[in-house]
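Below is one structure, written out as structure tokens; comments come after it.
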Amino acid sequence: MLEKLISIAEAAGALILDVYNKEDFGVKIKDDNSPLTEADKKSHNYIIKELAKNFRGIPVLSEEGEGIDYKERRYWKEYFLVDPLDGTKEFINRNGDFTVNIALIKDQKPVAGVIYVPVTGETFFGSIDAGSFKRIKGSTKEIRVSRKKPDDELTVVQSKSHSGEEEEEFYSRFKIKEKTSRGSSLKICMVAEGKADIYFRSGPTWEWDTAAGHAILSAAGGFFVNKDGSPVIYNKEVPKNWGFIASGFKIKK
């Protein structure tokens, strides 16, 4: 399954790059004030079509799809959760920090995930059964979180677009050696491959923003929890997370 999901994500990424490389592309503003581009729609349409063709009977929830009533999806035991273009703001700013995210959810937990970075050609993928990996230019290596402990000097990764006082207060609990900023789900990938030790997000995110990264980080030996330390679950009535911690070690409450 993972190899098929990788091929779907990479092909969707190629469609995104077709739009990205245009001199100009239109941007619309959705009801929630987030931007939408032609690339979001092209990627969504392709992924939905390919998942339906290759994984018959498994429903799909996508950021750019029509809303599926909770009365229907509450009974889903297994489904794909998709963000066809994570980091649309980064796409618009042309800084390369955007991804294609596909996750498989079972019993409200992400069990497999693929994150493709169209500009660099990097693919992060993992599952609870196989572990986590990074592939670039045909070369694949297993990735693991760093072996740092909470009282070690830590590397922090923060959002380019969403960080504030609560983040600074949280990080003040640790000895911070270095801070870096990335966009989209790449922040979770940095923790999964041991390039960062912790990423804290105080504000809300949608479930499709985090599911693939959550799966990859967990399979790499890391932890992904709500900011109060409780487990993050998926397919909630309102599909949002209200702050989270992604880390290579357990966080004490």
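The values are calculated or read from the model by the stated rules, or taken from the named source; none is laboratory data. Predicted model only: the values in this text are computed from it and were never measured. Quick reminder, even Gly has a Cβ in these numbers, built from the backbone with ideal geometry, and neighbours come from all protein chains shown. For accessibility, only protein heavy atoms count, side chains too; no ligands or nucleic acids. Shrake-Rupley method; radii C 1.70, N 1.55, O 1.52, S 1.80 Å.
A few notes on this one:
- Candidates 124, 133, filtered to the one that is aromatic (Phe, Trp, Tyr) and within 30 Å of residue 26 (Cβ to Cβ): 124
- Among the residues making up the range 111-123, those that are closer than 15 Å to residue 12 by Cβ and touching a Phe, Trp or Tyr at 6+ places or on another chain (Cβ under 9 Å) are 113, 114, 115, 116, 117, 118, 119, 122, 123.
- Test for residue 206: is it open to solvent by 60 Å² or more (accessible area, probe 1.4 Å) and under 20 Å from residue 85 (Cα atoms): yes
- Condition met for residue 14 (outside any loop (DSSP other than H, G, I, E, B), at pLDDT 95 or above and of a type outside the set (S, T, N, Q)): yes
- Matching residues in the range 202-228 - criterion: being under 24 Å from residue 125 (Cβ atoms) and touching a His at 6+ places or on another chain (Cβ under 7 Å): 224
- Qualifying residue in the range 46-53 (condition: in a helix (DSSP H, G or I), buried (at least 17 other Cβ atoms within 10 Å of the Cβ) and of a type outside the set (A, V, I, L, M, F, W, C)): yes
- Checking each residue in the range 64-78 for being closer than 25 Å to residue 185 by Cα and part of a helix (DSSP H, G or I) picks out only 73.
- Residue within the range 90-101 that is part of a loop (DSSP other than H, G, I, E, B) and of a type in the set (Asp, Glu) present: yes
- Filter result for the condition that a residue is more than 20 Å from residue 215 (Cβ to Cβ), open to solvent by less than 80 Å² (accessible area, probe 1.4 Å), part of a strand (DSSP E or B) and not aromatic (Phe, Trp, Tyr), over 36, 104, 81: 36
- Which listed residue is over 21 Å from residue 236 (Cβ atoms), over 14 Å from the mean Cα position of the chain (by Cα) and in contact (Cβ under 8 Å) with a residue 60 or more places away in the chain, from 56, 94: 94
- Filter result for residue 222 (modelled with pLDDT of 95 or more and in contact with a Gly (Cβ under 8 Å, 6 or more places away or on another chain)): yes
- Every residue from the range 109-148 that is open to solvent by less than 30 Å² (accessible area, probe 1.4 Å), free of Cβ contacts under 8 Å to residues at least 60 places away in the same chain and not in a loop (DSSP other than H, G, I, E, B): 134
- Of residues in the range 89-98 being out of contact with any Phe, Trp or Tyr (no Cβ under 7 Å at 6 or more places or on another chain) and under 12 Å from residue 36 (Cα atoms), the one most open to solvent (accessible area, probe 1.4 Å): 89
- Any hit, the range 56-63, residues being out of contact with any Leu (no Cβ under 7 Å at 6 or more places or on another chain), within 23 Å of residue 137 (Cβ to Cβ), open to solvent by less than 60 Å² (accessible area, probe 1.4 Å) and not in a loop (DSSP other than H, G, I, E, B): no
- Taken across the range 192-209, residues that are touching a helix residue (DSSP H, G or I) at 6+ places or on another chain (Cβ under 7 Å) and in a helix (DSSP H, G or I) do occur, with at least one present.
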